[in-house]
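A.B. asks: There's a structure below that I have some questions on.
The values are calculated or read from the model by the stated rules, or taken from the named source; none is laboratory data. Since the model is a prediction, treat every value here as computed from it, not as a measurement. Quick reminder, even Gly has a Cβ in these numbers, built from the backbone with ideal geometry, and neighbours come from all protein chains shown. Each accessible area value is taken on the protein alone, full model and side chains, heavy atoms only, with ligands, DNA and RNA left out. Shrake-Rupley method; radii C 1.70, N 1.55, O 1.52, S 1.80 Å.
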Amino acid sequence: VNVLNDLKRKFKKLIIVVTSVAISEGVMTSLRLNQEHFSTLYGNVPVDSWVYDSRQVSKLRQFAQSNTLQILVINIDAFNKQANNVIHKENDRLSGYRPIEFVQTANPIVIMDEPQNMESDQAKAAIASLNPLCTLRYSATHRNLYNLVYRLDPVRAYDLKLVKRIEVDSVLDDSDFNQPYIYVQSISATSSRITAKLMIDVND
């Protein structure tokens, strides 16, 4: 029973790792827009979602100790350089602990958004430093596949209307010798009308 309760607690700790501020803002927007949808699906479970800010590292204590579902969005640059990042430095407001230690004790489920941009050895070591329970890689354009669970490729996403739909039409028709032949020889315009001279193949 204790193991099951511990596992349930760990399933409430999610970290979404992104590679830019723009992506983190997009993730937060998606979380806000889908809040009602997920609440309906999962029985109105309380959710606390926020973007990591190195000036508010004490919130990581809440992330680790809270019994509610915690979703932390963090830029990989905030923790991939151990010598320079605030998250790796001892903090008096956290009783001398390093902020990352609270993350590590939570054994979070880590979701990598656009993981193809986190393939360097340094990025992989940074992800491992979070002490994740498991790591999920979320992208439509993977460079390398690791234990594929679900595939939603760009064509399928387009068909499901999950992405912007842009269509491009050509002004030139592809060659098809089974179609009628029409050639515009000239176009002339006057103040009252426009006329065109055409050459057409006629099947008689």
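A.B. asks: If ALA123 passes every condition in (1) among the hydrophobic types (A, V, I, L, M, F, W, C); (2) under 22 Å from ARG61 (Cβ atoms); (3) open to solvent by less than 60 Å² (accessible area, probe 1.4 Å) but one, which one does it miss?
C.D. replies: With respect to (1) among the hydrophobic types (A, V, I, L, M, F, W, C); (2) under 22 Å from ARG61 (Cβ atoms); (3) open to solvent by less than 60 Å² (accessible area, probe 1.4 Å), ALA123 is out only on (2).
A.B. asks: Considering (1) modelled with pLDDT of 90 or more; (2) surrounded by 14 or more Cβ atoms within 10 Å (Cβ to Cβ), say which one ALA128 fails and leave the rest.
C.D. replies: Just one mismatch for ALA128, condition (2).
A.B. asks: Test TYR158 against the stated conditions and say whether it is outside any loop (DSSP other than H, G, I, E, B) and of a type in the set (Phe, Trp, Tyr).
C.D. replies: On the way: outside any loop (DSSP other than H, G, I, E, B): yes; of a type in the set (Phe, Trp, Tyr): yes.
Considered against the rule, which asks whether it is outside any loop (DSSP other than H, G, I, E, B) and of a type in the set (Phe, Trp, Tyr), TYR158 comes out as yes.
A.B. asks: Looking for something more than 21 Å from CYS134 (Cα to Cα), open to solvent by 30 Å² or more (accessible area, probe 1.4 Å), out of contact with any helix residue (DSSP H, G or I) (no Cβ under 9 Å at 6 or more places or on another chain) and without any contact (Cβ under 8 Å) to a residue 60 or more places away in the chain - is there at least one such residue anywhere in region 80-88?
C.D. replies: Yes: one or more hits.
A.B. asks: Let me ask you something else. Would you be able to tell me the number of residues in region 89-116 that are within 21 Å of ALA140 (Cβ to Cβ), surrounded by fewer than 20 Cβ atoms within 10 Å (Cβ to Cβ) and touching a helix residue (DSSP H, G or I) at 6+ places or on another chain (Cβ under 8 Å)?
C.D. replies: 2
A.B. asks: Name the residues in region 18-63 that are exposed (fewer than 12 other Cβ atoms within 10 Å of the Cβ), small (Gly, Ala, Ser) and in a loop (DSSP other than H, G, I, E, B), would you?
C.D. replies: GLY43
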